[in-house]
Amino acid sequence: MTTNPFMKAARFHQYGGADVIRYEDAPVPEVTEDEVLIKVAATSFNPFDAKLRSGAFQAFLPIELPFTPSVNVSGTVVKVGDSVTTFREGDNVFAYLDVTRNGAAAEYVVSKAVHIAHAPKTFDLHESAAVPSVALTAWQALFDYGNLQSGQRVLITAAAGGVGTLAVQLAKWKGAYVIGTASGKSFSMLEQLGIDEIIDYKKQSVAEALKSKVDVIFNLSPAGKEELNSLLQLLNEGGTFISAVSPADENMAKELGVKAVRLNSHPDAEKLTQIAELLDAGLLKPIITERTGLSELAEVHQKFDDGKVSGRVLIIVDGVK
């Protein structure tokens, strides 16, 4: 454990554009009885972090400023609270952090022990930071909300994104027939992940391209309501439409005999432990498109604001890129 009471962190003191993020000294957080202190190896960028920084969520998600963003973490436990028995100093861990508390864009972060899981044993610790929030979002959508079963057909829109690529892999692991929408440049990558069918959304509508109806639709595309409602008609009776962005019309869904739900993902250490096993078994792998350092976090946020971030951006915190 460091004896220095200060650490480097990327924080914002007010809501606004990417330029409000400062790379600066901040106090190392204190640990209470049910928490652990993690020395951060890496974090990864999540669009949620940018929206939080912009102030888009301030009406319903209060945070205390200055605030350290980044909901994903991988690292090593350096201190445990008195009541923590599931972790000890030296354990490698990863987590989807509580979004209302200071995040992992810092050399150290504190988390409730119940939110973290032991990191994969053989999978790279840094790369593990690209997984938690996106893998849990995909898992909760497909299995908790969608109850996806082996042999069923699932449609994943925006399948080439950070959540989409893991959703494709999880659905294939479950034994489903997986259809995804993407642009032509992503076809090769998705085929390598084992996707069964790809629809180029730039060239044809999903309704025209789909050969038969599906049991589950996981929507990751920021489509308009009319387009989302048209997707409802592609579900088999009793099917489920899960959206991580804009919701479809629930009344229309009822009329069609299907369900439409809005996904709110959340930390889940038990499922993250299962995800760690899949990573170690080589059955799951994040698609990391860029690696950078903590001091460049403001630039990553600016690139996202400019529409220039695709895939997962891994942010190395402990100095090794």
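Quick grid of which residues meet (1) in contact with a Phe, Trp or Tyr (Cβ under 8 Å, 6 or more places away or on another chain); (2) over 26 Å from residue 22 (Cβ atoms); (3) surrounded by fewer than 15 Cβ atoms within 10 Å (Cβ to Cβ):
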residue	(1), (2), (3)
284	yes, yes, no
287	no, yes, no
302	no, no, no
313	yes, no, no
316	no, no, no
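Residue 103 passes every criterion in (1) buried (at least 21 other Cβ atoms within 10 Å of the Cβ); (2) in a loop (DSSP other than H, G, I, E, B); (3) in contact with a strand residue (DSSP E or B) (Cβ under 6 Å, 6 or more places away or on another chain) apart from (3). Cβ separations smaller than 6 Å between residues 6+ apart or across chains give the following pairs from segment 236-258 residues that are under 18 Å from residue 157 (Cβ atoms) to residues that are of a type in the set (Ser, Thr, Tyr): 242/145. Listed by position, the strands (runs of 3 or more DSSP E) enclosed by segment 143-261 that each have at least 1 residues that are buried (at least 24 other Cβ atoms within 10 Å of the Cβ) and either in contact with a strand residue (DSSP E or B) (Cβ under 7 Å, 6 or more places away or on another chain) or of a type in the set (A, V, I, L, M) (or both) are 153-156, 177-182, 214-219, 235-243.
Scanning segment 143-170 for residues that are touching a helix residue (DSSP H, G or I) at 6+ places or on another chain (Cβ under 6 Å) and among the aliphatic types (A, V, I, L, M) yields 148, 154, 156, 158, 159, 160, 163, 166, 167, 170.
Applying a threshold of 8 Å to beta carbon distances and a minimum spacing of six or more residues, or different chains, the list of pairs starting in segment 40-57 at a residue that is of a type in the set (Val, Ile, Thr) and ending at one that is in a loop (DSSP other than H, G, I, E, B) and crowded, with 24+ Cβ neighbours inside 10 Å reads 40/104; 40/317; 43/70; 43/103; 43/104; 43/105; 43/129; 43/317. Scanning segment 47-83 for residues that are under 19 Å from residue 34 (Cα atoms), surrounded by fewer than 21 Cβ atoms within 10 Å (Cβ to Cβ) and either under 21 Å from the mean Cα position of the chain (by Cα) or hydroxyl-bearing (Ser, Thr, Tyr) (or both) yields 76, 83.
Each reported figure results from applying straightforward, stated rules to the coordinates on display, with no laboratory input. This structure is a prediction, so every number in the text was calculated from the model and none was measured. Virtual Cβ from ideal backbone geometry, glycine too; neighbours counted across all protein chains shown.
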